[in-house]
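Data block below; observations after.
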């Protein structure tokens, strides 16, 4: 199984201890990230999708108590059990930014405002590999070209504030990819962007993955984005995995009532489906505790957010 | 159909930056006008100046209220007060738009107190009615906003906007901060309230899918200008302006077979007239 | 967890504050200090000017339960000092005279005083029998044989109250000017802003010195006290006014304030019902963080000899009397008021930090 999977998550449970009691963020989550594939984790706020990706990066706060296992099977080296690495283990450093790297939601704050773009991207190379400054700089230039920047040499001498949101997100993707990570985690990378920019970034992520043949874990709340970018889909709700499968299967023939409910909630769902099927989907959602009952579930989630 | 609102040549600039450039449109009663555009297109400035939360540089906003046609920007604060009952707003951020130090009862009652309507018992009853209308539990009245989820807070915001029985409601990105299943519930609620109360909505949004589902007419804004306006289906099915085409091509479809293929900006004519 | 839903914002703030253990401790320390200051006449065994000719520059005493033979006594006691002159150095050296125990008596009679200047009484919290030869100087005595513990307590009254009073005055000026500047904007705002900048650009210490020097020497201690407070506040309000103004401007744009405006609320209602309540917690925090500056200001002036002067007792005045290198070598206990200043300032800062986190209505309740 390790031949095809880059990461396998087994029975991952994460609890946050607070003074007001403990809150379960993930309950017995298990799924695999296959090699050479974009896996999207989709869910609403409080579903635990970001906790999952942060667990892979070991970015959870100290108040988190984890059980279960996350195993990374890098190419050409021994498997690493991420959950059992000690905080000072050198493998953790090679993991973050080396084997696995991350693109965050906010393109405004992820770049240092006082350093040139080129320096920041080259810095990412120098952090993980022993190459000369010139080599790092030229590597940075070719990476920035790959993410679709033009006039790269000139742009590398500019500062982040001179860039638009979309260009910044391209730079961040370049920084994430420059050490050839085997897994790229994108945590809502397009949520803060305008729709036209979002489309460009989605196309970029998809084409880069096809070119680099790496694995991508794509976290989003938007089923439209999922349909356009993912090969596989993991549907999460309230800290649990409800459904895992191929993108076409999940979106065209969803099995779990919650997935049906999400699809029916999509704006414009009416035009694509008949009125009856929307009714059916809503009914399916209601069977799960949708409709007004969902508002109560939402209430519980909100309190958890608040406590966290 | 009666016209409710008529905006003519509205302009607003901050410093030397032109945010809203000569915008004109009309809104019919009991209809929904969507205003779409990307960040920085001036849509929020536009609606805030319609509400007189911002004073525009030039142009007129005329409103056909109980007292007949009036230019909102020519009214004194005192003359404006009765119109405040007729024009209300639902905000984007369900966290920031409710005073965290007031109970839901106080928040919902405040508009009634300001307009000196009814006595204490009547106001209390009215708050209960409104809570029921937005499908919240009556016990919510005694709680503070922090006790509610985003969707529930948005319902409180809607109740506050509707408690004065307005005719025109401005929704400024009112559902964009919500989860998709909550969003569809809130949209359904707004629709139901519209047909029940005959409301007119000015619906500002950046999500074209929501606009297409929710609005009758649409106004496409691009860097302060209206580049296209018309009935929703017409604009979405046969867009006239290249910018509208670009926007539409960028919508990610939830059908994996409909591949996303955004138009290339370089090949488009995005010049403004 | 659902009981969280039923709490008022005040209760939530208390929950958040309680998590700041350090702030809680600091709050406790300050409460004790202020209680000491309020009841200093009663708590101190002597009046601040009472001299004990038999104990000049005497070191702090130990309060004991076991006597020199190791025998336990349920009532705490002290030993007296035996004074020797070192024949080589001609210095006074004190040695404990273990021949007589002096029991500590509680709520006993001692030096008569007027409580809060109103109620004449002789009762003190603790003394040794005034009929006997004994005396109790927990913190030692100064060069005139005055009890340092009593003097620190009396000094606390002046130093701690000057902090509160000064910040009160600062707040009044700052909130008034800053609030109006933020609210009115325009010319008034500009004028206040420029005045603020000018005041902030003047080095405070020389200015304080000049102004304090201008206070007539003939003024009564009380008048000097108020004079100093006013001088300190006159230059302290600028920072606060800026913060209030900034906060005011930010809050005017908050959605819930705009919402109130859109339902037709007038300015008065917006300010008093919406902005002020959100403001109060912020102001309390700012004020808490401003108290140490006041206390330090008073100390600095008094230390330089241009603030309060003897016979008024304040921590600054006490330190001024300890102002030579001999003190450090021979009578280091005279520096104890300095320790109290440090503890007070740290405690106010910790308390302010805790309050700041507690005051934010939406800050999270978790540990991380």
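The values are calculated or read from the model by the stated rules, or taken from the named source; none is laboratory data. This structure is a prediction, so every number in the text was calculated from the model and none was measured. Because the Cβ atoms are built from the backbone with ideal geometry, glycine has one as well, and the counts that use them run over all protein chains shown.
Summary of computed values
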| item | result |
| --- | --- |
| Region C:303-333: number of residues that are under 18 Å from the mean Cα position of the chain (by Cα) and under 21 Å from residue C:36 (Cα atoms) | 9 |
| Any chance residue B:54 is touching a helix residue (DSSP H, G or I) at 6+ places or on another chain (Cβ under 9 Å) and either closer than 30 Å to residue C:10 by Cβ or in a loop (DSSP other than H, G, I, E, B) (or both) | yes |
| Subset of region B:66-85 that is touching a strand residue (DSSP E or B) at 6+ places or on another chain (Cβ under 8 Å) and buried (at least 19 other Cβ atoms within 10 Å of the Cβ) - its residue that is nearest to residue B:153 (Cα to Cα) | B:83 |
| Test: residue in region B:63-74 that is at the interface with chain C (Cβ under 9 Å from one of its Cβ atoms) and either in a helix (DSSP H, G or I) or without any contact (Cβ under 8 Å) to a residue 12 or more places away in the chain (or both) | no |
| Of residues in region C:303-321 being buried (at least 18 other Cβ atoms within 10 Å of the Cβ) and without any contact (Cβ under 8 Å) to a residue 24 or more places away in the chain, the one farthest from residue C:146 (Cα to Cα) | C:303 |
| Region B:231-255: number of residues that are more than 10 Å from chain A (Cβ to nearest Cβ) and part of a loop (DSSP other than H, G, I, E, B) | 4 |
| Test: residue in region A:13-30 that is farther than 30 Å from residue A:78 by Cβ, assigned by TED's automatic domain parsing to the domain that holds residue A:79 and in a loop (DSSP other than H, G, I, E, B) | yes |
| Members of region B:196-217 that are at the interface with chain A (Cβ under 10 Å from one of its Cβ atoms) and part of a helix (DSSP H, G or I) | B:208, B:209, B:210, B:211, B:212, B:213, B:214 |
| Candidates B:22, B:30, filtered to the one that is buried (at least 16 other Cβ atoms within 10 Å of the Cβ), at positive phi and more than 14 Å from chain A (Cβ to nearest Cβ) | B:30 |
| Per-region count, region C:324-349, residues closer than 13 Å to residue C:141 by Cα and either touching a residue at least 60 places away in the same chain (Cβ under 8 Å) or touching a strand residue (DSSP E or B) at 6+ places or on another chain (Cβ under 6 Å) (or both) | 6 |
| Condition broken by residue A:206, with the remaining ones in (1) more than 14 Å from every other protein chain (Cβ to nearest Cβ); (2) under 29 Å from residue A:73 (Cβ atoms); (3) in contact with a helix residue (DSSP H, G or I) (Cβ under 7 Å, 6 or more places away or on another chain) satisfied | (1) |
| Check on residue C:53, in contact (Cβ under 8 Å) with a residue 60 or more places away in the chain and either touching a strand residue (DSSP E or B) at 6+ places or on another chain (Cβ under 8 Å) or not in a helix (DSSP H, G or I) (or both) | yes |
| Candidates C:158, C:78, filtered to the one that is touching a helix residue (DSSP H, G or I) at 6+ places or on another chain (Cβ under 8 Å), surrounded by 14 or more Cβ atoms within 10 Å (Cβ to Cβ) and under 27 Å from residue C:327 (Cα atoms) | C:158 |
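Residues checked against (1) part of a loop (DSSP other than H, G, I, E, B); (2) under 18 Å from the mean Cα position of the chain (by Cα):
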residue	(1), (2)
A:109	yes, yes
A:115	yes, no
A:139	no, no
A:191	yes, yes
A:196	no, no
